[in-house]
1. Can you find a residue that is under 19 Å from TYR149 (Cα atoms) and charged (D, E, K, R) anywhere in region 97-117?
2. Can you spot a residue in region 114-137 that is closer than 22 Å to GLY31 by Cα, part of a loop (DSSP other than H, G, I, E, B) and touching a Leu at 6+ places or on another chain (Cβ under 9 Å)?
3. Any residue in region 20-43 that is more than 30 Å from SER85 (Cα to Cα) and open to solvent by less than 40 Å² (accessible area, probe 1.4 Å) sitting within a Cβ distance under 6 Å of a residue that is hydrophobic (A, V, I, L, M, F, W, C) and at pLDDT 75 or above? List the pairs, counting only those 6 or more apart or interchain.
4. Of the residues in region 140-151, how many are surrounded by fewer than 14 Cβ atoms within 10 Å (Cβ to Cβ) and touching a residue at least 60 places away in the same chain (Cβ under 8 Å)?
5. Among the residues of region 44-84, count how many are open to solvent by 40 Å² or more (accessible area, probe 1.4 Å), in contact with a Pro (Cβ under 9 Å, 6 or more places away or on another chain), among the hydrophobic types (A, V, I, L, M, F, W, C) and in a helix (DSSP H, G or I).
6. Out of region 85-127, which residues are among the β-branched types (Val, Ile, Thr) and buried (at least 23 other Cβ atoms within 10 Å of the Cβ)?
7. I want to confirm something. Restricting to region 128-139 and keeping residues that are farther than 21 Å from ARG159 by Cβ and in contact (Cβ under 8 Å) with a residue 12 or more places away in the chain, which single residue is least open to solvent (accessible area, probe 1.4 Å)?
8. Spot the failing condition for LYS103; the list is (1) closer than 15 Å to GLN155 by Cβ; (2) modelled with pLDDT under 80, and only one is missed.
Amino acid sequence: MPLKELFEKDWQELESEGILFSSLEKLVAWGRSNSLWPATFGLACCAIEMMSSTDGRNDLARFGSEVFRASPRQADVMIVAGRLSRKMAPVMRRVYDQMPDPKWVISMGACASSGGMFNNYAIVQNVDSVVPVDIFVPGCPPRPEALIYAVMQLQKKVRGEAFDGLGQQLPMVDAWTR
């Protein structure tokens, strides 16, 4: 197609021919949302459900989160699976601080989100008091499908396609401003 014809056509005609238009910000957000690498941070029984989300039946790899990293320097998502003791909280914060920006956190299970049935001095009652949480997954323990749904919601949040309860579009997650 000659360059003159390209400039004379409408953008909708060009999209129908396979030429796409986007901004660099949206392209980078799309790339980030489809290559989330979680840090392995299983604390209790929810970790078993987190592990089973990668098996052949559930296959978290379909959503770009197949590589669970053992090093926090190679991960951009922390899945806090299970109850967090006060003794383990500084370790978790250190792992979070070692993760490169941008980074996101998924709180998995009732114990991580609200202390669950452990309402005592030894358990942190909300992981959000230690690290900023982007997605909360309810349940005790939550099913692997719930974690996969949470990863899909995080992908929407990263791309800027998430909406609040009133139908207002939420801004894209900017992990550098936390």
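The values are calculated or read from the model by the stated rules, or taken from the named source; none is laboratory data. None of the values given here were measured: they were computed from a predicted structure. Every residue, glycine as well, gets a Cβ built from its backbone with ideal geometry; the counts of neighbours run over all protein chains shown. The accessibility values were calculated without ligands, DNA or RNA, using every heavy atom of the protein model including side chains. Shrake-Rupley method; radii C 1.70, N 1.55, O 1.52, S 1.80 Å.
1. yes
2. First, the residues of region 114-137 that are closer than 22 Å to GLY31 by Cα: 133-135.
When the remaining residues are screened for being part of a loop (DSSP other than H, G, I, E, B), the result is 133-134.
Remaining after also requiring touching a Leu at 6+ places or on another chain (Cβ under 9 Å): 134.
Scanning region 114-137 turns up at least one residue that is closer than 22 Å to GLY31 by Cα, part of a loop (DSSP other than H, G, I, E, B) and touching a Leu at 6+ places or on another chain (Cβ under 9 Å).
3. ALA29/VAL158; SER33/VAL158
4. First, the residues of region 140-151 that are surrounded by fewer than 14 Cβ atoms within 10 Å (Cβ to Cβ): 140, 145.
Next, from what is left, pick out any that are touching a residue at least 60 places away in the same chain (Cβ under 8 Å): 145.
Matching residues across region 140-151 total 1.
5. Number satisfying all stated conditions: 2.
6. So the first thing to find is which residues in region 85-127 are among the β-branched types (Val, Ile, Thr), and the list is 91, 95, 105-106, 123-124, 127.
VAL105, ILE106, VAL127 - these are the residues of region 85-127 that are among the β-branched types (Val, Ile, Thr) and buried (at least 23 other Cβ atoms within 10 Å of the Cβ).
7. VAL131
8. Exception for LYS103: condition (2).
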